[in-house]
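Right, one structure below, let's go through it.
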Amino acid sequence: MPTYETLPRFATDLDRLTPEQRRRFRQTVTAFVEDLRTGDHFRAGLRVKRVQRAQGIYELTWSMGTGPAGRATWEYGAPTVPGEQHIVWRRIGTHDILTGP
């Protein structure tokens, strides 16, 4: 099972989301974790890609419905369990988070 941690800024951003946005994010993370386990690739629906001009930081889209698209930024951290991926969640919100991922 992949491990994770959150940066303080992520926690602050998360508190600003609506309950529905947090629910959608949790659903997306379930698919994200499944893809991490396989180690092959991320499914297209997650829209995982590198953040431009931010080395080692990635974004994932967790909502494409009505309103602004939900995004979260993350990076790979040092493993805390041998052989398992470790994710550091950095920011969560709309496209605006990409100005300071």
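Starting from residues that are within 14 Å of the chain's Cα centre (by Cα) and not aromatic (F, W, Y), keep the ones in region 49-59 and report whichever is surrounded by the most Cβ atoms within 10 Å (Cβ to Cβ).
Applying the filter and picking the extreme gives E59.
Using beta carbons and a limit of 8 Å, which pairs, at least six apart or on different chains, have the first residue in region 6-28 and assigned to a helix (DSSP H, G or I) and the second one charged (D, E, K, R)?
As it stands, the answer is R9/R90; R9/R91; F10/R90; F10/R91; D13/R91; L14/R22, since those pairs meet every condition given.
Test R37 against the criterion of being at pLDDT below 95, part of a helix (DSSP H, G or I) and open to solvent by 70 Å² or more (accessible area, probe 1.4 Å), and give yes or no.
Taking the combined requirement at face value, the residue satisfies it.
Of everything in region 7-34 that's more than 13 Å from G93 (Cα to Cα) and touching a Lys or Arg at 6+ places or on another chain (Cβ under 8 Å), which residue is most open to solvent (accessible area, probe 1.4 Å)?
Step by step, filter region 7-34, then rank; the result is L7.
Any residue at all in region 78-97 that is free of Cβ contacts under 8 Å to residues at least 24 places away in the same chain, open to solvent by 20 Å² or more (accessible area, probe 1.4 Å), in contact with a Gly (Cβ under 8 Å, 6 or more places away or on another chain) and assigned to a strand (DSSP E or B)?
Within region 78-97, none of the residues are free of Cβ contacts under 8 Å to residues at least 24 places away in the same chain, open to solvent by 20 Å² or more (accessible area, probe 1.4 Å), in contact with a Gly (Cβ under 8 Å, 6 or more places away or on another chain) and assigned to a strand (DSSP E or B).
Look through region 60-76, keep the residues that are among the small types (G, A, S) and either outside any strand (DSSP E or B) or under 17 Å from D35 (Cβ atoms) (or both), and return whichever of them is least open to solvent (accessible area, probe 1.4 Å).
A72
The values are calculated or read from the model by the stated rules, or taken from the named source; none is laboratory data. All values reported here derive from a predicted model rather than from experimental measurement. Heads up, the Cβs are rebuilt from the backbone with ideal geometry, glycines too, and the neighbour counts pull from every protein chain shown. Ligands, DNA and RNA are excluded from the accessible area calculation, which covers all protein heavy atoms including side chains. Shrake-Rupley method; radii C 1.70, N 1.55, O 1.52, S 1.80 Å.
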